[in-house]
Structures are given as structure tokens and as C-alpha cells.
Amino acid sequence: MRSGERVLLGITGSPGSGKTTLARDVVGAVNARSGAPGAVAAYLPMDGFHFANGTLDALGRHDRKGAIDTFDGWGFLGLLHRVIRENDHTVYAPVAGALPVRPQARLVVVEGNYLLVDQEPWSHIPALLAESWFVATPEDERTARLIDRHIRHGRSPEAARAWAEDVDGANARVIEPTRERATLTITV
């Protein structure tokens, strides 16, 4: 990597796999060990690109929020291009510009479910990544984590289980085959 150049590390996996935890841990560890002033690694989740609830209602997709077609994939791809290209100033990412990628950030850890899916616009993302890591977690563990997460966010245990199995489960069936495209599979 040349001085001033920025690289993207993609961390992907099915819902509940632990990809967010791993991405945040990598960013924290790199920043703690760098000894450089300011953060040299930044965290950039795909979650800021969910369509708004009103848009999902209009599209008839609110009951599947989190599915591949409930994200602004082209917007996310555009942000990744900006993050690579615009390294002389801060690039703000959703939600509402809350996630800054500062000029000194040389590593940007990009995290999301669909980073390796082979359909547009997602199929353009792997070429932007220096590496892609797939977090593989047994289905029963992922489901238990998801049920717990959905309960903490206000769903009843029954509704949490139904969402984890039906919606998150359908998403996992799209995501799991993409592990073949990853440069590294991390089994949790």
C-alpha cells in the first residue's frame, strides 16, 4: 500500500453470525496498536443503507426489512467508491453523516450481509475489497442470537422466533453460499 492509500476489508456473514462484533474488534485492535495520532482504521457498516420504513411500506417490503432488496445497494456502492477515492477529507456515512471516515484512516472495515452476493449492484463490491472475510457460525447459534436481539428490541418471544426463522433465515439462504467468494472464512 502506498502512503495515503486506503484499503477496504469486507467482513460478511449471515444475520447473527458475529460479523459486527468482529469488525468493531478489528478496528479497535488496529487503532490501539497503531501508535499513530487519530484513528487509522474506521468502521463502516452497510446498515445505514436500509430503506426508510416509509419507503419499505410503499414498496410492500417492510415485513422483510433486512432482505437484499430492502437496501440501497447502489448508494452503498457509491459510498465505497467515495471512501477509496476521497482520502484527503472526511467522508461521512449514514446514518445522517454519523460515521466519519477521516483522512488518516488507511483501513476501512466494511461490514454487511450482502458484500459478496453475485448480483448487481453487490457484485461490484468484491473488486473494491483488499480482502473479504466470511464469518461462519452454526445456524442454531445464529438463530438463538437473533431471537435474543429481537426480544431486546421489543418483539415478543414468539414474534422474535418467527422473524429469526422466516425473515433472517431467508436472508441467510442468500448469504451462506457467498462464503465461497471470501478470501478467508472465520468459523465462530
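Throughout, read-outs are computed from the coordinates displayed, never taken from laboratory work. Just so it is clear, the model here is predicted, and its values are computed rather than measured. Note: ideal-geometry Cβ built from the backbone for every residue, glycine included; neighbour counts use all protein chains shown.
The Cα-based radius of gyration of region 7-187, divided by its Kirkwood radius, gives an Rg/Rh of 0.97. With the helix formula -39500 (n - 2.57) applied to DSSP H stretches of n ≥ 4, the chain reaches a computed 222 nm mean residue ellipticity of -10000 deg cm²/dmol. By its C-alpha gyration tensor, with a ≥ b ≥ c as the square roots of the eigenvalues, how is region 123-188 shaped: rounded for a/c under 1.5, else prolate for a/b larger than b/c, else oblate? Prolate, because a/c is 1.5 or more and a/b exceeds b/c.
Computed from point charges on the beta carbon alone (+1 for Lys and Arg, -1 for Asp and Glu), the dipole magnitude for region 7-187 about its Cα centre is near 520 Debye. Beta-bridge orientation, the chain: approximately 15 percent antiparallel, per DSSP, counting only bridges with both partners inside.
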